[in-house]
Amino acid sequence: MGAAGFFLLYLIVFLAGMHLLKNGLSVLSGHAMRDWIYACINHPVKAFMAGIIFTGILQSSSAVMIIVIGLVSAGVISFKQTIGIILGTNIGSTFTTQLITLDIGSLILPLFIIGLLCFFMGVVFKKEALIRMCEASMGLGALFSAMSGFGRLAYPLSQLELVNELLLYTNEHSFAGVICGTLLTAIIHSSAATVGIIMSFLNADILTLSAGIAYVLGANIGTCITGWMAAAAANQEAKLTAYAHIWVNVIGVAAFYPFISLCSSAVQNLSSHPDLQLAHFSLIFNVISSLALLPFANAFGSFVVSFSTFFRGK
């Protein structure tokens, strides 16, 4: 199996790990999450904090968006009540990028062992909570295994002609990096996986930090695809929620894109490790862009409604 084959294998392991971790944590939280969302939607700031917390628990902004879109589609909450949650999910999604930078390779085997023990104990004692803890532990172990694999594959992959040309091109053209980050994330439905892959190239000194930042900006747009697909067959209110998610990220990317070089210089002062530099940028980008829009949550909601109405009228 060549480098491309191993890359695909590690990508599958990463996505499977994300699924296990998300599923284990979401089931452990029970149905209370929907109740919490409903209780927090009466004020944008409360909804904003809820979005951060729920995304941190589920380790997936897409999962939270699907839940929110489902609630809007069912008429439980209105579109404008979701704006704060949407802004919060962008910050909560950075928890995963911070997590995968941790150097805990020595814990991979213990995580799998703990997962197996939880599984057997859950079966023996018939405790669903232990089964879910097994999923969370195994998922975390899979994430770190995949990240270790990406790191080993970075150089061999860069020697493939097509990959090499693409990386060299995005090192020189930031907009190409944004497009590639958007497309890759839309295809694999995981901005965390995209960032993880880019981190491996950064650590191998194959991609520049500026190019890595461009990929991260693109990943923030590409991650909207899941919510958009979930709302495709839903009512207009649910569609507006998906559109708002897209607008939030497009506006943020447009605001930061002209300052990629400046951002690159700034985050280099925060850490000597390229992967941490990229993770710190992702956090700073999402915090600033979300907080900047939060005071205008109601006006932003009206803008999305007006924009959508205008084009439907066309």
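Pairwise over distinct Cα atoms, reciprocal of the mean inverse distance: report the Kirkwood radius of the chain in Å, one decimal place.
Computed over Cα pairs of the chain, the Kirkwood hydrodynamic radius comes out at 20.1 Å.
Report the local net charge at L207: Lys and Arg +1, Asp and Glu -1, summed over other residues whose C-beta lies under 14 Å from its C-beta.
Here the count lands on -4.
I need the helices of the chain that pass two filters: whole DSSP H segments spanning 20 Å or more by Cα along the axis, and mean Kyte-Doolittle score no lower than 0.5.
Span-like helices, by this rule, are 3-29, 44-58, 108-125, 128-158, 174-188, 236-256, 274-293, 297-313.
What ranking of S190, S78, S265 comes out by heavy-atom accessible area, probe 1.4 Å, highest first?
From most accessible down to least: S265, S78, S190.
Let me spell out the model: positive unit charges on the Cβ of Lys and Arg, negative unit charges on the Cβ of Asp and Glu, origin at the Cα centre of region 157-314. What dipole size does that give, in debye rounded to 20?
Once rounded to the nearest 20, the dipole reads 640 debye.
Given the rule -39500 (n - 2.57) for each run of at least 4 DSSP H residues, summed and divided by the residues of the chain, what is its mean residue ellipticity at 222 nm, to the nearest 500 deg cm²/dmol?
Taken over the chain, the calculation gives -27000 deg cm²/dmol.
With charges set only on the Cβ (+1 for Lys and Arg, -1 for Asp and Glu), what does the dipole of the chain come to about its Cα centre, in debye to the nearest 20?
900 debye
DSSP loop trypsin sites (Lys or Arg not before Pro) in region 64-149 with at most 15 other Cβ atoms within 10 Å of their Cβ, which ones?
Passing both the DSSP loop test and the Cβ count: K126, K127.
What does the charge count around L168 come to, taking other residues whose C-beta lies under 14 Å from its C-beta (Lys +1, Arg +1, Asp -1, Glu -1)?
-4
State the extension gain, in nm to one decimal, for the chain segment bounded by N269 and R152, taking 0.36 nm per residue of separation less the distance between their alpha-carbons.
Roughly 39.5 nm would be gained on extension.
Residue farthest toward the positive end of the dipole of region 107-261, with Cβ of Lys/Arg at +1 and Asp/Glu at -1: which of L107, A242, L209?
Towards the positive end, the residue furthest out is L107.
Rounded to the nearest 20 Debye, what is the dipole magnitude of region 119-167 about its Cα centre when Lys and Arg each give +1 and Asp and Glu each give -1 at the C-beta?
For this selection, approximately 380 debye.
Considering the alpha-carbon set of region 93-239 alone, what are its Rg and its Dmax in angstrom?
18.5, 58
Provide Rg over Rh for region 36-176; use the alpha carbon set for both Rg and the Kirkwood Rh (inverse mean inverse pair distance).
A ratio of 1.11.
Using the heavy atoms of the protein chains alone and a 1.4 angstrom probe, what is the accessible area of region 204-314 per residue in square angstrom?
With all protein chains present, region 204-314 gives 45 Å² per residue.
Would you work out what percent of the accessible area of the chain, with all protein chains in place, is carbon or sulfur (probe 1.4 Å)?
70 percent
So what are the radius of gyration and Dmax for the Cα set of region 240-301, in Å?
Final numbers for Rg and Dmax: 13.5, 41 Å.
The values are calculated or read from the model by the stated rules, or taken from the named source; none is laboratory data. Being a predicted model, the structure only gives us computed values, none of them experimental. Positions of Cβ are backbone-derived with ideal geometry, glycine not excepted, and every protein chain shown enters the neighbour counts. Heavy atoms of the whole protein, side chains included, go into the accessibility calculation; ligands, DNA and RNA do not. Shrake-Rupley method; radii C 1.70, N 1.55, O 1.52, S 1.80 Å.
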